[in-house]
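The block underneath contains the structure these notes are about, expressed in structure tokens.
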Amino acid sequence: MILGLRILGTVVLYSFLGVALYTIWYALQQTAKQTIFDSQTSPQLRVLRTPNSQNLVVGDMIALETVTVLGSMPDNRIVLDDALPRHLRLLKENNTWWIEPLAEAEILVDDTPIVTPIRLKNQTVIAFGAYQFRFELT
């Protein structure tokens, strides 16, 4: 009787450990696949809306650098006539893209106002003032 309970307990324990190790292995495989995908993508902003006086055209694709600042300052990566000097920053950190507001102006990400940095996902829409962009991983 006691021997049977010990064997049953051992089988349950090893089954639990097997399931736990398989779950960890599977999660690591998925993370590795996502990391490879992220490193092979080239992020861009697609112009969805812009003022008529701007040199941007709806449909334009703007390649992003690891740190990209948008605003009216001439040294910004993306210079916008009708924006604050340093309006927002897009940055890649540990294979994750972030948007960070740099001014007190309202910035909408997928129609939600943001005041702190948030993670960007593929096809995220960014809007402020008369501008609207879509973040795309191609």
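For (1) closer than 28 Å to ALA32 by Cα; (2) surrounded by fewer than 14 Cβ atoms within 10 Å (Cβ to Cβ), each residue gets a yes or a no:
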{"position": "LEU45", "(1), (2)": "yes, no"}
{"position": "THR68", "(1), (2)": "yes, no"}
{"position": "MET73", "(1), (2)": "no, no"}
{"position": "LEU88", "(1), (2)": "no, no"}
{"position": "THR96", "(1), (2)": "yes, yes"}
{"position": "PRO117", "(1), (2)": "yes, no"}
{"position": "THR124", "(1), (2)": "yes, no"}
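Residue by residue, here is whether (1) over 14 Å from LEU70 (Cα atoms); (2) at pLDDT 95 or above holds:
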{"site": "ASN95", "(1), (2)": "yes, no"}
{"site": "TRP98", "(1), (2)": "no, yes"}
{"site": "LEU102", "(1), (2)": "no, no"}
{"site": "ALA105", "(1), (2)": "no, no"}
{"site": "THR124", "(1), (2)": "yes, yes"}
{"site": "PHE128", "(1), (2)": "no, no"}
{"site": "PHE133", "(1), (2)": "no, yes"}
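Looking only at the range 79-138, residues that are without any contact (Cβ under 8 Å) to a residue 24 or more places away in the chain and out of contact with any strand residue (DSSP E or B) (no Cβ under 8 Å at 6 or more places or on another chain) come to 4 in all. Filtering GLY59, GLY71, GLY18 for residues that are under 16 Å from ARG134 (Cα atoms) and small (Gly, Ala, Ser) leaves a single hit, GLY59.
The values are calculated or read from the model by the stated rules, or taken from the named source; none is laboratory data. Note that the coordinates shown come from a computational prediction; the quantities given were computed from them, not determined experimentally. Here Cβ is always computed from backbone atoms with ideal geometry, including for glycine, and neighbour counts include all displayed protein chains.
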